1. Say we look at the range A:172-188 and pick out the residues that are touching a helix residue (DSSP H, G or I) at 6+ places or on another chain (Cβ under 7 Å) and basic (Lys, Arg); which of these is surrounded by the fewest Cβ atoms within 10 Å (Cβ to Cβ)?
2. Scan the range B:210-243 residue by residue and report those that are of a type in the set (Phe, Trp, Tyr) and more than 23 Å from residue B:315 (Cα to Cα).
3. For residue B:5, indicate whether it is at pLDDT 90 or above, loosely packed, with under 15 Cβ neighbours inside 10 Å and within 12 Å of chain A (Cβ to nearest Cβ).
4. Which numbered condition in (1) buried (at least 18 other Cβ atoms within 10 Å of the Cβ); (2) touching a Lys or Arg at 6+ places or on another chain (Cβ under 8 Å) is the only one that residue A:211 fails?
5. List every residue pair whose Cβ atoms lie under 8 Å apart, where the two residues are 6 or more positions apart in sequence or sit on different chains, the first residue falls within the range B:284-306 and is more than 14 Å from chain A (Cβ to nearest Cβ) and on the phi > 0 side of the Ramachandran plot, and the second residue, located anywhere, is of a type outside the set (A, V, I, L, M, F, W, C) and assigned to a helix (DSSP H, G or I).
6. State all residues of the range A:228-255 that are of a type outside the set (Asp, Glu), over 21 Å from residue A:206 (Cβ atoms) and not in a helix (DSSP H, G or I); if no residue qualifies, say none.
7. Quick check: is even one residue across the range A:233-244 over 24 Å from residue A:46 (Cβ atoms) and surrounded by fewer than 21 Cβ atoms within 10 Å (Cβ to Cβ)?
8. Any residue that is at pLDDT 85 or above, surrounded by fewer than 20 Cβ atoms within 10 Å (Cβ to Cβ) and closer than 26 Å to residue A:189 by Cβ - is there at least one of those in the range B:78-95?
Amino acid sequence: MLPNSVTETSALLEAGGYVADTALATTVFLALSMQRPLFLEGEPGTGKTEIAKVLAAGLGRRLVRLQCYDGLDLSAAAYEWDHARQLMAIRMAEASGGVDRGALASDIYAREFLQARPLLNAIDPEQPPAVLLIDELDRADEPFEAFLLEVLADFQLTVPEYGTIRAATPPVVVLTSNRTREVHDAIRRRCLYHWVDYPDARRERQILARKAPDVAEKLSAQIVAFVQRLRGEDLFKLPGVAETIDWAAALAHLNQHELMPDAVDETLGVLLKYQDDIAKIKGAEAARLVSEAQASVAA
Amino acid sequence: MNFAPAQPPRGGRIAGNVMHFARLLRRAGLPVGPADMLAAQQALTLVQIGDRQQVRTALRTTMVHRHEHQDLFEQAFLMFWRDPEGSKTALAMAMMEGMPEAPPPERAPAGSRRLAEAMTNPRPPREKPDERREEIEAVMTVSERERLQQMDFEAMSAADIANAKAEIRRLVLPMDLRRTRRRRPDPGGAHVDLRATIRASLRQGGEILELARSRKVTRPPPLVVLCDISGSMSRYAQILLHFLHAVANDRDRVTTFLFGTRLSNITRQLRHRDPEVAFQMVSHAVPDWSGGTRIGEALALFNRNWARRVLGQGAVVLLVTDGLDRDGAVGLAENMERLHKSCSRLIWLNPLLRWDGFEPKSQGIRAMLPHVDEFRPVHNLASLRALIETLSRPLSRQAMEQWRLAS
C-alpha cells in the first residue's frame, strides 16, 4: 500500500500530477515509512497543500482537512459534546424515574453524544484510514498547538469524560505553514521538516506542462524563464508556482503564442499581488525581462 | 502507543557516524536532541545509503527543524560526510567549534560585579557620572560614514536589576487588553459553559442547580520593537536596552530589532534572563552601534524580510527613533506607510524632543509623522521610569494633531 522506496514515492506523486524534486520525495517517503507527521514550511503558492491532496488520492485515503484560524479551539478542531441531546437524555432518565447516578454518567457520555471534528474524524478507528491535512498552522494561535501534540505524537486523542480514542491505522499527517509566525519547537520536534522552495526552471517547466497542458511549449518555456528572472528581482512578494500556472492560463486565454511586453504589462496583476511590485516591474523592466527570457529560450 | 516499526538501526558504524555528526551540529549551535539522532538513524535504514542526495535529505529532515538552520546544516554535511577518516573532518570540527563566539578576555565576565557585591557589605549604589553634557548640535548632526563599533555597557548592580523589574510591571501599552477567542471559567462571566454545567449536574443526579459560566480571556498582542541605535541615539542606548530586556522577559511574544545602518534581530539574545549576559551577547551581535542611520533602508529590510513573519495576530509596533536620517529620508515615507498598514498600531517614541516648542522640521520626521497612530515625544529620557511613564500615558489626540500640523 505505502511506497517502498524514494523512486516509488516519486512515481506516486507524479501520478497525481505533482512534480517533486528528490529531496521532497525522500522526505515524503520517510514520513510515510517512519509514520511521522510531515511539517512543510515555505512561501505561499509553492504547493504545500497540494502534496496532502495528491497523497490522499494516490494512497486511496480520505482527506480530512483542518483549516487553522485565530481562536480555533478544541470544540472546532477535535470534538464537541452534543449538549442539547445530553440534556434531553437526562430529562428522559428522570421521567422514567429511579435515576442511577453511575449509569446516567456513562449513558450521557456515550460515543453517540460525541460530535467528531476533523482531528477526531481523522483518527476514528471505525472509519477508513485518512490523510490529515492541518493547513496554515501559523494562523492558529499558540494555545492551539498544544492540542495537537497528543495527536501528532501518538495518533490518539483523550476525551476526559469518555476515554482515549486511538487510530486503527495511523493517519498520514501533513502540516503546512506560511511562516507568518514561528511554530513552536514542540511541534517541530515531532515532525519531519521540509522547506518547500521555489522550483528551478526545469522542474517549473515540468509543472507547467502538467498543470497547463494547452499552453504552447515555446510560450511556456518563456513564461518559466521570465518568472525565474522575476524571482531574482527585489520584490515584496515573489510569485509562487501557483501564480505561474495562473499566468500561463491567462496568457493562453488571451491567445498569446509568444511572450510580448504589452501582454505582460496587462496581465502582471496575475503574477504580482502588490501595487508597488507591479509599478516597479511594469514597462521598461518588464520589457527587459521579456527580451532576456526570449533570448534564453531561443538559445 | 507507538506505531514506529520496531526495526533496529543498521550497522554500528553508521550509527556512530550519525552520533558524531549530531555532536558536530550541536557544537555549531543547532538544537539536535537524542530523539532527533534516533530518528536520523532510523531514516538512514530506510533510504538508499549509497545515494548522497537521499542520505542528506534523510538527515536534514530529521535533524533540522527550522529553515534558518538549513544553511549551517548543509555546510556541516559537506564537511563531515566528505572523508570520514581524513584530517579534514578534524579541521571541520575545529572550524565549527570556533563558530560560537567567546567573550573577549579583557572584559570582566557578566555578573562579576554582582558577585563582588555579594561578597562585600551592601553599599549605596555609586553615583553615576553624568554623560548628558554634550552639545545639542552634536546630537543633531548625522554622521557621514558607516561607523561600525561595539557598545560597552555599564555593569548593572543587583539593585538596578530589581528596579528595572519593578518598573516594567507598571508598563501599560495602548490596546494592551486584546480579547482572544479562548474562555476561562468565571462565575461572573457572560457565557454559559454547558459542558461544565452538565458535568456538575451529574453530581446531583442530573439536576441542574447552578450554571457554570466562563468569560473571554484577554491577553496583550504581540509587540515588535524597532529601536534606533545610531550616533544621535547613543546616549539613550543603555536605558533603551534595559527597557528592551525588561519588556522581553516580562511578556511573551516580543520581537526586538535594532537598526542603525543595518537591521539586527536581537530577540534571542535578549531572552537571556541575566541582563548583563544578554547585553554582552547583543553588543557582539550588533556591529553598527553609534554609526549613521538609514531609517528608510532599515524599515524596507524589515518590511520585506520580517513583517510577514512577526506582524501577524494584531501586533503592535513600537518604533524608537529620533527621525534623523542619514540618507535625507529616501524611501522613508513609503516604508513607514507600508509598516503602518501591516500592523494594528504603530507607536513612535521620539527621545529627541527635550524642550517645548521644538518643531519637527527634519525631513525624516516630516516623512514619518503622517504614518503613525501615536506619537510619543519624551522630553527627558533619563530613566527607565520616564520611558515607561511616557508609554503608559493615555494618548492626547490634540497634541498629536498639533504635531501633524507643525510638520
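The values are calculated or read from the model by the stated rules, or taken from the named source; none is laboratory data. The structure presented is a predicted model; accordingly, all values stated were derived computationally and were not measured. All Cβ positions, glycine included, derive from the backbone under ideal geometry; neighbour counts span all protein chains shown.
1. Checking each candidate, the answer is A:179.
2. Within the range B:210-243, just B:236 meets the criteria.
3. No: the conditions fail for residue B:5.
4. (2)
5. B:290/B:231; B:290/B:234
6. Selection gives A:235, A:236, A:237, A:254, A:255.
7. For the range A:233-244, residues over 24 Å from residue A:46 (Cβ atoms) and surrounded by fewer than 21 Cβ atoms within 10 Å (Cβ to Cβ): absent.
8. Yes, the conditions are met somewhere in the range B:78-95.
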